[in-house]
Amino acid sequence: MKKNIFLFVTILLLLISTGCGKKENGGGTISGTKTMTCTKEAVDDNGYKTSEEVKVTYNSKKVIKVKQTTLSEMDSQIIDFAVSAGQQVAETFNKLDGIKLDFTMENTNTTKTVMELEFDKINPDQIKEVLGSLYNDEDDNFFDKKDVTIEEFKKESLKDYTCTE
């Protein structure tokens, strides 16, 4: 049970710390964008499955937007606690510029997390403030970089995923 909660918190923190970025020129949709969809499934030691889908919108120069949807199976005895904790985390992160996080219960043993990141709206200082002592300046975080290319994003965040354009 504690393992599932630790796994959930770890995955959530990894998503926040690796899936964020910013771009110097703000503004709406840029022509010439492409979308890549990546998927990954894993089964933990207890036999619970996690399915992830990541949609990355990018242009020839940088990643613009990322939407990650995760379905996580867990012990039905802890799902209410996991959903409550996830919703509290989502409430905090939804106050940040460029981040939208939604955490819900799909059924009696599955949660759904949807995180959307708009790189041109993200404020790295806000993220550092929210993460506090969990933020590590020595890590290679995407939100520390001026721009993130699709190649960088794939290398750092999508290593074990199957991707199609």
Could you pull out the residue among Ser76, Ser84, Ser72 that is among the hydroxyl-bearing types (Ser, Thr, Tyr) and farther than 26 Å from Val130 by Cα?
Ser76
Confirm whether Ala85 is surrounded by 14 or more Cβ atoms within 10 Å (Cβ to Cβ), in a helix (DSSP H, G or I) and over 15 Å from the mean Cα position of the chain (by Cα).
yes
Can you name the strands (runs of 3 or more DSSP E) wholly within segment 29-78 that have at least 2 residues being surrounded by fewer than 16 Cβ atoms within 10 Å (Cβ to Cβ) and under 19 Å from the mean Cα position of the chain (by Cα)?
34-43, 49-58
Quick check on segment 95-107. Is at least one of its residues acidic (Asp, Glu), under 17 Å from the mean Cα position of the chain (by Cα) and assigned to a loop (DSSP other than H, G, I, E, B)?
yes
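Just so you know, all these numbers are worked out from the coordinates, no wet-lab data involved. Everything quoted here is computed from the prediction, not taken from an experiment. Cβ sites come from the backbone with ideal geometry, for glycine too, and all protein chains shown count toward neighbours.
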